[in-house]
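The values are calculated or read from the model by the stated rules, or taken from the named source; none is laboratory data. Remember, predicted model here, so these are calculated numbers, not experimental data. Please note: Cβ atoms are built from the backbone with ideal geometry, for glycine as well, and neighbour counts cover all protein chains shown.
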Amino acid sequence: MSRRAVVIGGSLAGMLAAAALFRSMDEVIVLERDELPDRPSPRKRIPQARHAHILLPSGRDAIRELLPVANVHGRLLASGAREQSMTDMLGFGPQGWYGRWATVTEDLLLTCCSRDLLDWTLRDAVLGTTPVRVRRAEALSLLGTAERVTGVRVLSEGLQEDLRADLVVDASGRGSRAEHWLEALGVTDIPTDEVDSGLVCASRVFRVPRGAEDFPLTQIEADPATSRPGRSGTLVPIEDGRWLVTLAGTRGGEPSPRPEAFTDFALGLRHPLIGRLISAAEPLGEVFLSRSTRNRRRDFEKAAMPEGLVVLGDAVATFNPVHGQGMSVAALGAQALSRQLRQTDVTAPGFARDVQRAAARSVSAAYTVSTSQDQWFPEVVGRAPTLSDRLISQYLGRMARVATTSYTVSAARCKVLTLQADPSRLLHSELLMATLKGPGTEPQAGPPLTFEESAFVESVGPLAV
């Protein structure tokens, strides 16, 4: 008997879920209500795509496992994507400038490009190397009962149709209606957590100035310990000789959509480096603003979910985009689906539950990283910090201070931040002793620039703080 899987959503999470399914199913259909572009270009229902996106090494490796012959990463690099070692970027944290080390290992390499390029490259790879097909239709509801989902009711070309499936994957993003659909089947009380710092993101693209072609990924972090709104900025080198700059501010410190205010906001960050850089760069478009930035998690793995339904990607959890985790969490969720398919038949009792629980591991790690900072900013909405949170925050702050001058500690933190190691790794005896001992030296007073980088910055103007 022919077996069919239906994936709701044709963005990154949906395409990766389809890539996980095609070897085990006779038919995989991706439902997408929008017409998908045939080149890297914006999509109106993904406004957050305008902001800085970074593919973590954990996400890169998951995509390689899901599509081993498609060479997605190679295609991205051939199209102009940049690789950046986390230990050689310019980062200004709450404790000072992080050191830069020449040691480059693949497990610390970030992939930097526009979200448009990544989405298109991945979609082209999936549709060009697998039998997955996309159908333009809108999912209206789930079919089945509280015990088992048996398909999706769709709207296509003005007509409703019941599309039967052995497995339905909801990868429809932050606008997912999964909770509403499940409630209609009698499934309620899905545990939910939310931490909303009121973050607003503003992004603009610039042409890289002559002399700054090799300038690295640069990040000015917010300081959650000041009792003031958190303001941050990220400059990401992307394809076609451009910088994508995203500025962010929590409630009371939001950036403005006005183009003339963009550089001023960057100059007013905890360090003016990004502001000085873009003051010498040509803007290539308008400022794009987004307010859909809250941390929100739905613990589907803890609910009495029906068989035949898996929820992945932003439909499960959304994170503060400053941390750059969303795409990699989606990839790791699809990887969990793929690995479960190697062990269990898709129709076996408990299959969907096991996938949901496996996918929850990366969700939990990313959510912990994101909310552990956001909960400290003024006027945050959601869960209040506990005594345990305060102790952990003090420990992590001290570790970050040590990381400014210690490669070993810095690399260990990066492994956790990139979802390659569980947060508990930060309590390992070696790291615990290094953190309690404290830093051996003071962090650099200014950004640790190379000779070429320093020459360009000096040509722009002084970096007085």
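So the values come out like this:
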| item | result |
| --- | --- |
| Residues located in the stretch 260-282, provided they are part of a helix (DSSP H, G or I) and touching a Phe, Trp or Tyr at 6+ places or on another chain (Cβ under 6 Å) | I278 |
| G253 surrounded by fewer than 22 Cβ atoms within 10 Å (Cβ to Cβ) and without any contact (Cβ under 8 Å) to a residue 60 or more places away in the chain | yes |
| Answer from S232, S256 - the residue that is among the small types (G, A, S) and in a strand (DSSP E or B) | S232 |
| Unique residue being in contact (Cβ under 8 Å) with a residue 12 or more places away in the chain, crowded, with 22+ Cβ neighbours inside 10 Å and of a type in the set (D, E) when the list is D119, D88 | D119 |
| Residue list for the stretch 169-182, restricted to those being buried (at least 18 other Cβ atoms within 10 Å of the Cβ), touching a residue at least 60 places away in the same chain (Cβ under 8 Å) and either over 12 Å from R298 (Cβ atoms) or acidic (D, E) (or both) | V169, D170, A171, S172, G173 |
| Checklist (1) under 24 Å from the mean Cα position of the chain (by Cα); (2) among the polar types (S, T, N, Q); (3) at pLDDT below 90 applied to T435, failing item | (1) |
| Yes/no for V168 being in a strand (DSSP E or B), assigned by TED's automatic domain parsing to the domain that holds I63, touching an Asp or Glu at 6+ places or on another chain (Cβ under 8 Å) and among the β-branched types (V, I, T) | no |
| Residue satisfying all of: in the stretch 341-385; surrounded by 23 or more Cβ atoms within 10 Å (Cβ to Cβ) and closer than 18 Å to V168 by Cα; nearest to the chain's Cα centre (by Cα) among these | A359 |
| Among (1) without any contact (Cβ under 8 Å) to a residue 12 or more places away in the chain; (2) within 20 Å of G91 (Cα to Cα); (3) not basic (K, R), the one test that A261 misses | (2) |
| So P283, is it under 28 Å from T368 (Cβ atoms) and either crowded, with 21+ Cβ neighbours inside 10 Å or not assigned by TED's automatic domain parsing to the domain that holds H51 (or both) | no |
| Top-ranked residue in the stretch 44-64 [being at pLDDT below 95 and more than 19 Å from M86 (Cα to Cα); ranked as farthest from the chain's Cα centre (by Cα)] | K44 |
| Entirely in the stretch 284-323, the strands (runs of 3 or more DSSP E) that have 3 or more residues that are of a type outside the set (K, R) and more than 13 Å from R174 (Cα to Cα) | 288-290 |
| Of all residues in the stretch 156-168 being of a type in the set (A, V, I, L, M) and surrounded by 15 or more Cβ atoms within 10 Å (Cβ to Cβ), the one that is nearest to D189 (Cα to Cα) | V168 |
| Output for the stretch 183-215, where each listed residue is of a type in the set (K, R) and either touching a residue at least 60 places away in the same chain (Cβ under 8 Å) or closer than 20 Å to C113 by Cβ (or both) | R204, R207 |
| Matching option when the condition is under 30 Å from T218 (Cα atoms) and either basic (K, R) or touching a residue at least 40 places away in the same chain (Cβ under 8 Å) (or both), among L12, L21 | L12 |
| Flag for P272 being modelled with pLDDT of 95 or more and closer than 20 Å to D240 by Cβ | no |
| Total residues in the stretch 383-414, condition part of a loop (DSSP other than H, G, I, E, B), touching a helix residue (DSSP H, G or I) at 6+ places or on another chain (Cβ under 7 Å) and over 16 Å from G440 (Cα atoms) | 0 |
| Matching entry among T226, T218 (being within 18 Å of the chain's Cα centre (by Cα) and of a type in the set (S, T, Y)) | T218 |
| Residue that is farthest from S364 (Cα to Cα), among those in the stretch 415-428 that are modelled with pLDDT under 90 and part of a helix (DSSP H, G or I) | L427 |
| Qualifying residue in the stretch 96-115 (condition: of a type in the set (S, T, Y) and over 24 Å from the mean Cα position of the chain (by Cα)) | yes |
